[in-house]
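Nothing in this text is a laboratory measurement; each read-out follows from the coordinates by a stated rule. Note that this is a predicted model, so its numbers are computed, not measured. With ideal geometry, Cβ positions are generated from the backbone for all residues, glycine too; neighbour counts draw on all protein chains shown.
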Amino acid sequence: MVRRFCANSQPHTVEIRIVLMLILAVALINMQPSAHAQIAFSSDRGGDVDIYVMDEDGSNVIQLTNHPSSDVNPDWSPDGTQIAFETLRHERMKIDRNFEIYVMDADGGNPARLTDDPLVDASPTWSPYGNRIAFASNRHGLGDIYVMNTDGGNITRLTVDDTNGASFDWAPAWSPNGRFIAFESTRGGGGSDIWLMNPDGTNPIPLAKLPAHDTSPSWSPDGKQIVFASRGGKNFTWEIHRIDVDGGGIKSLTDNLANDRYPAWSPNGKQIAFSSDRDGNYDIYAMNPDGEDVQNLTDHPAGDYTPAWFPSALAVSEREKLPTQWAIIKSNR
């Protein structure tokens with residue numbers, strides 16, 4: 001009886017293992033379609049400027065904020081649970097244009113004010129570790145870069161105006177590995193350029209010196225390149241450019257009579273979203289990193305601006321993991 005039981009139990013054990021492996025395989029397959037990116041953006045399609053979110057192909061547009069004041073410049077936390085943005089909702093007289101930085105849940109709930117200053121606080125960007133938010137403010141001059149905790153505490157000034165009030169630092173963007181912050185600056189004279197500095201504000205260096213107004217830097221997921229908006233050239237319109245982080249390999253990705261602004265690199269590195277008025281009003285577009293295959297994602301009569309990507313939290317492979325987290329892991333090896 002014992003031998004017969006043992007002999008018969010082995011096939012049953014194998015069958016159970018096979019069934020469990022099949023269940024696991026089916027679960028992983030079912031997870032894979034959910035691993036898609038989303039794009040948050042600001043739009044005045046509701047009569048005032050609010051924050052919206054859509055799938056990466058422009059479908060499933062959902063309104064996240066609904067306030068009579070302006071909500072703009074969304075930026076996702078690395079884990080996708082929160083969105084930082086700048087807003088005028090706290091103003092009473094509606095005349096000062098005093099933007100402040102707020103944070104809300106990814107579904108638009110629980111908005112909380114992080115900054116409270118008589119002057120402008122804007123352009124929030126999360127660190128890849130999710131523990132700090134860099135932002136720009138003119139609270140001590142024309143403009144400087146600051147950093148704070150995610151609850152608004154411990155505000156620290158990173159850049160210092162050393163040109164008697166004539167320099168302007170704005171639009172910070174954290175590198176995927178957290179080692180650098182790119183930003184716009186006029187400290188070199190002759191317009192504004194894209195600069196790099198350490199996350200504590202030390203060692204600021206210009207990335208390129210172009211005869212134009214350069215702003216809105218966005219890093220490639222591998223941290224090797226930066227796209228930015230530049231106003232100048234033959235048409236004096238805003239165009240998108242790409243540059244290597246060593247200052248070489250600069251390339252113009254758009255070149256037309258329209259304005260192409262607010263570039264944002266996709267999490268997988270295969271697309272760059274941006275806002276353009278090439279069809280008469282500002283819409284969100286996407287193109288390849290070489291500037292080819294441009295697609296209109298929103299195609300709406302209202303104005304759509306400032307796209308910001310986030311990949312799904314259900315990614316199940318290294319290739320589809322959150323790129324900032326994966327870059328941190330690689331850089332620490």
Per-residue HN-Hα couplings for the range 120-126, Karplus 6.51 cos²θ - 1.76 cosθ + 1.60 at θ = phi - 60°, whole Hz, x for Gly and Pro?
6, 10, 8, 6, x, 8, 6
Across the range 196-209, in residue order, what do the Karplus-derived ³J(HN,Hα) couplings come to in whole Hz, using 6.51 cos²θ - 1.76 cosθ + 1.60 with θ = phi - 60° and x for Gly and Pro?
10, 8, 5, x, 9, x, 7, 6, x, 9, x, 7, 7, 10
Phi angles of the range 140-154, converted by Karplus (6.51 cos²θ - 1.76 cosθ + 1.60, θ = phi - 60°) into ³J(HN,Hα) in whole Hz with x for Gly and Pro, give 10, x, 5, x, 9, 9, 10, 9, 8, 5, 6, 9, x, x, 6
Determine, for each peptide in 147-155, 234-242, the mean count of other beta carbons within 10 angstrom over its residues, then list the peptides with the highest first.
234-242, 147-155
